Every structure is written in structure tokens, then in C-alpha cells.
1. Over the range 119-256, give the accessible area per residue in Å² for a 1.4 Å probe, as an integer.
2. Number of Lys-Lys pairs in the range 119-256 under 25 Å by Cα, sequence gap 8 or more or different chains?
3. Which loop GluC sites (Glu not before Pro) in the range 224-323, with loop taken from DSSP, have no more than 10 other Cβ atoms within 10 angstrom of their Cβ?
4. For a test of the definition: using alpha carbon positions, the gyration tensor, and the 1.5 limit on a/c, classify the chain as rounded, prolate or oblate.
5. Counting other Cβ atoms within 10 Å, which trypsin sites (Lys or Arg not before Pro) in the range 3-63 have at most 10 and lie in a DSSP loop?
6. At what distance in angstrom do the alpha carbon centres of the range 274-343 and the range 198-223 lie from each other?
7. Exceeding 21 Å between C-alpha atoms, which entries from my cross-link table qualify? They are K9/K109; K30/K109; K2/K109; K53/K78; K50/K90; K90/K289.
8. Need the full-extension length gain, T312 to S61, defined as separation in residues times 0.36 nm minus the C-alpha distance. One decimal, nm.
Amino acid sequence: MKYNIALLKGDGIGPEIVDSAVRVLEVIGKKFGHEFNFTAYDIGGIAIDKHGKPLPEETVSGCLASDSVLLGAVGGPKWDTLPGNIRPEKALLGIREAMGLFTNLRPAKLYSALKDDCPLRSDIVENGFDIMIVRELTGGIYFGERGMREGKYGEEAYDTECYSRMEIERIARVAFETAKKRRCKLISIDKANVLESSRLWRKVVHEIAEQYPEVECTDMLVDNAAMQLVRNPAQFDVIVTSNMFGDILSDEASQITGSIGMLPSASLGEGKRGLYEPIHGSAPDIAGKGLANPIATILSAGMMLLYSFGLTAEHDCIVNAVDKVLEAGYRTADIAHGENSLSTTEITDKIIENI
Ligand code: IPM
Ligand code: MG
């Protein structure tokens with residue numbers, strides 16, 4: 001089969017890690033008889049420098065014309081002082097919205113080879129954990145009305161959290177379907193003791209739950225969830241939550257795996273086309289030094305094969321190659337603890353050898 005993949009390398013370590021994932025995809029293509037065609041478009045800070053805006057039209061149309069999109073990371077100190085509407089991060093929200101990607105899947109699992117990297121006490125993670133966070137991605141406070149106004153105490157700024165029934169229903173369905181394919185346990189996270197939007201969220205999730213009797217569904221308040229994630233992460237199978245809570249909890253979940261450089265993500269909409277990216281940022285401090293861990297991006301490319309193209313064996317092949325390389329003790333600097341580490345290219349070579 002032939003697949004057209006749009007590459008949004010972005011800023012900082014983005015180009016290096018995307019190049020690693022492209023090399024892996026090319027080897028997978030050879031092994032399994034697929035043709036992957038890659039076209040690169042600018043996004044983020046580099047797009048601001050070259051086109052005067054973080055998300056140029058040709059980037060959006062290129063992504064919409066592709067079969068799927070692989071993204072590196074955006075942002076850096078150079079663009080940090082720009083106004084909100086032209087910051088690199090704005091491009092991420094923009095491309096998610098333009099592609100209709102309302103679902104964000106963020107798996108957080110503890111690799112047995114990396115158990116010692118987990119900051120939690122060993123008795124807490126004895127049996128590991130494997131969590132899938134289903135984050136709503138195109139609604140809530142990140143997309144709500146915002147602005148400045150004169151208030152009771154003078155100048156004030158505001159952002160609004162707003163969720164429609166439709167937005168909650170569609171993300172809830174994705175979450176139940178995801179849970180059905182896993183351990184059939186869904187925890188919906190909200191702040192229904194305070195927020196009206198959370199009360200609608202909870203009500204709609206309960207309605208959808210009736211259509212999935214095989215899935216055990218419970219609610220958890222977000223403050224409690226933040227605590228439970230470090231108290232007993234193994235209690236979670238699938239989590240479904242709003243855009244902002246998902247943003248925060250997925251960073252927390254990534255940290256307890258001990259390796260933010262390892263975690264991939266998939267952003268999906270109604271169709272097969274998705275956007276795949278590591279959950280870490282552009283790490284400008286180590287850009288261009290060969291220190292970046294490409295594994296999260298390589299695994300993101302793997303998720304693309306599975307979710308957008310339905311290529312299960314090809315996906316599994318990448319995941320197994322990464323597992324083998326880690327089991328064999330190979331590490332990039334972020335997970336090497338000062339011991340010998342491999343460069344971005346060297347660890348990619350090792351993964352390719354195992355494909
Ligand atoms: C993420 C990031 C983005 C988000 C930012 C950079 C806009 O934190 O993907 O988690 O909040 O979605
Ligand atoms: Mg985030």
C-alpha cells in the first residue's frame with residue numbers, strides 16, 4: 001500500500017526526532033512492502049520566522065490532503081514573548097481544530113526495563129501500570145471565549161470552560177470503545193462538585209455508559225485523580241477527561257513512567273487521518289546535540305500505523321524493536337543516569353537493527 005505522510009518537524013529537537021521516525025518507517029515499508037511518501041511543512045517557531053505565522057495555510061492544506069501527520073515539537077525561548085495569538089503553541093491548537101481531532105490518546109505505561117526510572121516507591125509499582133488517557137482535544141477552556149475587560153478590581157483577564165452535549169458524547173464513546181478493547185474499566189475525571197460544565201460532562205458520560213454495560217465506569221474528581229495517580233496508578237485502565245484536565249494529568253502520568261521521552265500520542269477525529277506526536281516538548285536546550293530521545297516519536301509513528309492505517313503487525317514490530325533495545329540496556333542520555341548513552345542516531349540504528 002501507498003501512504004502519504006505530512007511531516008511537521010517544528011522546532012528544537014523536532015527535526016532530529018522526526019528524522020529518526022522517518023528512518024524507522026522507511027525500514028518498515030521495505031520489510032512489509034509499503035510505500036511511505038513524506039512531505040514536510042513548517043509549523044511553530046520556524047513557520048513564524050519563515051512565513052510570519054505559526055500555522056501557514058499550506059501547512060493546513062498539506063495536512064488535510066495527507067493520509068496522516070507526524071509532528072515533532074514546537075516552541076522555544078526565541079518566540080516566548082510573542083503575543084498569544086502568534087505563539088508557536090497556537091499552531092498546535094490550530095492544526096488540531098482544523099483537522100477536527102477531538103480525541104487525544106495518551107498511553108502511559110511503565111516499561112519493565114525502566115522500572116528504576118519510576119519516581120514512585122517500588123511497592124507502589126510492583127505490578128506496573130498501563131494507563132490510556134483519552135483527552136478531549138478541541139473543546140473546553142483552551143478553545144472557549146477569552147479576553148480582557150474592566151472588572152470589579154480594574155483590569156482583568158478571563159477564559160471560559162464550555163462543553164456541549166455533543167462534544168461530551170463523542171469523546172465518551174471513544175473512551176468506552178477504547179475501554180472495551182482493554183480491561184473494560186473507565187474512570188471519568190471531572191470537577192462536578194464545582195463546575196457546571198463538569199456536571200453536564202458527568203451526566204452525559206452516565207447516559208453513554210448505559211450503552212456499554214460491559215465497561216465498569218466510575219467518576220473521580222480531578223484533585224483526587226491527581227493524588228490517586230501517584231498513590232496507586234495500577235487502579236487506572238482508561239481515563240476520559242476534558243482538554244485541560246487531560247493536559248495536566250497526562251504530564252503527571254508521563255512523569256511516573258519515569259521517561260517523558262518515551263511517550264507517544266495520537267490525535268484522532270471522525271476519519272482515519274490523525275496527527276501523531278511525542279508528548280514531550282521541543283527541548284531547545286539540547287537541540288542539535290544528538291542527545292534527544294527519539295523513542296516517543298518512533299512509537300508515535302507506530303501508533304499511526306495502527307490507528308490510521310490499520311497495520312497491526314507493522315505497529316507491533318516497532319514496539320517489539322523498542323522493547324528489545326531497552327531490554328538490552330541501550331539508553332539515550334535522558335534515561336542513562338550518567339552511564340554510557342547512545343546518541344539520537346545510534347539508538348535509532350539499534351531499533352532499526354531489531355526490525
Ligand atoms: C500538550 C501541550 C499543548 C496542549 C500546548 C503546547 C498547547 O501541552 O500537547 O499537552 O496543551 O495541548
Ligand atoms: Mg501538555
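The values are calculated or read from the model by the stated rules, or taken from the named source; none is laboratory data. Here the structure is a predicted model, which is why all the values come from computation and not from measurement. Every residue, glycine as well, gets a Cβ built from its backbone with ideal geometry; the counts of neighbours run over all protein chains shown. Just so you know, the surface numbers come from the protein's heavy atoms only, side chains and all, with ligands and any DNA or RNA stripped out. Shrake-Rupley method; radii C 1.70, N 1.55, O 1.52, S 1.80 Å.
1. Computed with neighbouring chains in place, this is 49 Å² per residue.
2. Qualifying lysine pairs in the range 119-256: 5.
3. E270
4. Numbers: a/c = 1.45, a/b = 1.17, b/c = 1.24.
The shape class here is rounded.
5. Loop-located and lightly packed - none at all.
6. A separation of 33 Å, based on Cα centres.
7. Pairs exceeding the cut-off: K9/K109; K30/K109; K2/K109; K90/K289.
8. Between T312 and S61, full extension yields an extra 87.5 nm.
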